[in-house]
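Next up is a structure, given as structure tokens.
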């Protein structure tokens, strides 16, 4: 029985890194607005909860039927179990009159019942501790999640399979909901032991800090957004029968608009705006297009130099010795962007990258003000301790 429960957990462990990659940027987007940072204890709690949700989802779905003839040979789940508290009768039948502690511990029905209760205990704990939810909404949330799981089983994974392969049981609804309520009760005393979650305090302390992690999230958002928009643009051009052999032109135009025109006009690329950052001169004035072109040209040099290298029609050093400059420039760009820049940002007193010193630009944090006034940029302090 234990092995049956461990298979979904093992699957959740395999899937968790992928899920983290999918939710990391949206989570950072929300976190910088609520708390001014994307790290700390709150982040640990959040990703622990993400893993928990993944684990109980796989527990509900797995193991899947192993062949197409499953429905013909298995009918035990075809009729829902609608008798409330039927688990009491099952536990009694399995006990066979033996109620010693040892007999109870070896009764599989007891373990099944206990695991059904424990399944949503973390949900109740999280909703009270992290979301400060009251008891009744927590219980309703537990019931709703349990009902979703039971309907998933009743419909054969929402009609992916022609029959239910797991039993719908009203007892599971009762026990799961009781577990959510129990988790809410436990969160009271446990919350006095665990670190307090104080988003307003974090925001006052960290919102003005421009950290390496924050800059990295902004760059990742820019690159993913740019790639998605470029793919959409190429798709449209292909749909209308355009020749993509000269694909360099739309790439260059879109890159200039995204990384030069937009920050010159608004102060931020879309990725920096998502992470509440902007690029400006040290005085706080908006950076000009030339500075932005040089700054982002250096920052993105590994990408466009790689593009140029791959776009060569023919590699011939004998006839074109100048082609050797491309791999040399690419190696230099990798050193500047992947080695020098992180070291400078993390270790330098002013946390400025080499391309920032070259263009006399800095990253500034945008601290949201009350709704009546627009957000104002806050200059990066001369000396700040790096935090996540």
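The values are calculated or read from the model by the stated rules, or taken from the named source; none is laboratory data. All values reported here derive from a predicted model rather than from experimental measurement. Every residue, glycine as well, gets a Cβ built from its backbone with ideal geometry; the counts of neighbours run over all protein chains shown.
Are any of the residues in region 40-56 in the same structural domain as residue 154 (by TED's automatic domain parsing), at pLDDT 90 or above and assigned to a loop (DSSP other than H, G, I, E, B)?
Yes - at least one qualifying residue is present in region 40-56.
Of all helices (runs of 4 or more DSSP H) completely enclosed by region 157-268, which ones contain at least 1 residues that are touching a strand residue (DSSP E or B) at 6+ places or on another chain (Cβ under 9 Å) and surrounded by 16 or more Cβ atoms within 10 Å (Cβ to Cβ)?
Of the helices (runs of 4 or more DSSP H) lying wholly inside region 157-268, those with at least 1 residues that are touching a strand residue (DSSP E or B) at 6+ places or on another chain (Cβ under 9 Å) and surrounded by 16 or more Cβ atoms within 10 Å (Cβ to Cβ) span 170-191, 199-206, 212-239, 262-266.
Considering each residue of region 196-223, count those that are closer than 14 Å to residue 132 by Cα and in contact with a helix residue (DSSP H, G or I) (Cβ under 7 Å, 6 or more places away or on another chain), and give that number.
The qualifying residues number 2.
Suppose we filter region 49-69 for residues that are buried (at least 16 other Cβ atoms within 10 Å of the Cβ) and more than 29 Å from residue 27 (Cβ to Cβ); how many remain?
1
Which of (1) modelled with pLDDT of 95 or more; (2) under 30 Å from residue 307 (Cα atoms) is the odd one out, the single condition residue 174 does not satisfy?
The one condition residue 174 does not meet is (2).
Do we have any residue at all in region 105-112 that's surrounded by 14 or more Cβ atoms within 10 Å (Cβ to Cβ) and at positive phi?
No, there is no match, as no residue in region 105-112 is surrounded by 14 or more Cβ atoms within 10 Å (Cβ to Cβ) and at positive phi.
Okay, residues lined up against (1) outside any strand (DSSP E or B); (2) modelled with pLDDT under 90; (3) in the same structural domain as residue 215 (by TED's automatic domain parsing); (4) surrounded by fewer than 19 Cβ atoms within 10 Å (Cβ to Cβ):
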residue: 291; (1), (2), (3), (4): yes, no, yes, no
residue: 335; (1), (2), (3), (4): yes, no, yes, yes
residue: 357; (1), (2), (3), (4): yes, no, yes, yes
residue: 364; (1), (2), (3), (4): no, no, yes, no
